[in-house]
1. Please arrange Leu183, Leu236, Leu68 by counting, for each residue, the other beta carbons lying within 10 Å of its beta carbon, fewest first.
2. Quick one: Met169, Met246, fewest Cβ neighbours within 10 Å first, how do they rank?
3. Test of understanding: ordering Leu280, Leu77 by Cβ neighbours within 10 Å, fewest first, what list do you get?
4. Would you mind checking which residues have amide H under 5 Å from Trp221's amide H? H placed 1.01 Å from N; only 5 or more apart, or other chain.
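Rule-based calculations on the coordinates, nothing more; no lab input. From a predicted model like this one, the values you see are computed outputs, not experimental measurements. Reconstructed Cβ throughout: ideal geometry from the backbone, glycine too, with neighbour counts over all protein chains shown.
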Amino acid sequence: MTTVKKIIALWCIACIASILPASAQNYLATKTLLDSLRIKQLHGTAQALIKVEQTDAFKVEADAMVELIYAFEKHKLRFSGNVAYNMINKVDNGNKGFFYLGGDFFQFNVNQHKREKTKQFFSTFLSYQYDYCRDLHDRAMIGITTTWQPLREDPHMFVEPCVGLMAGMQYWNVIKNATNLDLYNNEMPDDLRKYLGIDPSGRKMQWDTRLLLSCHFGGEWDRISVNAYAMVAQPLWRPFTSDPEMEARLAEIDKHRHEVHLVEDAPNLAGCLNTKPLPLITTSCSFRVRIWKKLAAVTSIEFLWDGGEVPNYARNLTYCFTQGLSYSW
C-alpha cells in the first residue's frame, strides 16, 4: 500500500474510532509496541496545540502537553500533563488541566534475552484534574486496572481492552454567582444545607468511586501513527439522594428567590438535583504525521459526555478539535 493510501486508510479508521463511546484524554495514549521503547531510557513527547472547543461557550485555546515514559525490562513508569488556556475572551472558566502519574507492571516478559508482551498486565495511577469550564474545581483520583494485549505479536498495531476501579475526591462549583451565594448562605436552613452538602463557598465535595471500562487502539509506522482511546466510567454512588420532602422545600426556596429577590439566573436546585449515578463517557482520536526528524503534525478530535455532573447548569456534552505540533525524543 502506498504512503498516500495508508494515510487515507488510517484517517478513515481515526474518524470512525472518534465517534465511538470512549475517552477524551489522548495524552494518556502511550506507545506499547515491542520496538517502541528502549530499556532504561527516558522517552518523551511535548506538544504545542491550538484547540477549537465548544463547551459552555465557543473558545479558542492554547494547549500544552508533555508525556514522559521510563521503561524497564518488564515494567514502565509514565507521567502525563496537559494544560489548556482560553485565549480569545475573558471567561474565567475556560481553563483546565490534567496530570497523571502511573506504572504498568508485568507488561513484558524476558525469554532467552528476548522481550515479549504478556497476555495481560496491571497498572496503578494517581491523577489530578481541574476543569473550570465544567465547574470542576478539583478532582484527585487513585486507581488500579487490568489490561489485555490480544495483538501482542503484531509489530505495528495494538488493541488494549481494560477494566479497573478508581476512587477519590472531587470538588464542584455548584453556586458561584455572588448574589446566589449570599442568598444560599442567608436563607438555606441547616437541614437543607446538610442535605445538599454545599459549603458556604458554594462548592460540594463528593467522594467518587467508579468502575472503568476502556479500550485503546493504536498503530505506528515510519511516518504516521494513529491512537484512539475509549472509556466509560460508571459511578457506584449518586451525587444526591432522592428525598421528595427535601426537594419540595427546595422548590419553595427557589420560587421565593425568583419572585421576591428577582434573581433570574438563580440555580434551580430543586428541579435539577442529580439523583442518578450516570456514567462519564469519553472518546478521542489523534492522528500524527512525522514531517521532519522528530517533529510531527498532530490532529485530534475529542468528545466527552458526563451525565453525572453535580452543577445543574453545567453542559453535559463537550467536544473539541485540536491541530498542532509535537516533538518526541
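1. Least crowded to most crowded, the residues run Leu236, Leu68, Leu183.
2. Met169, Met246
3. Placing the least packed residue first, the sequence is Leu77, Leu280.
4. Under 5 Å from the amide H of Trp221: no residue qualifies.
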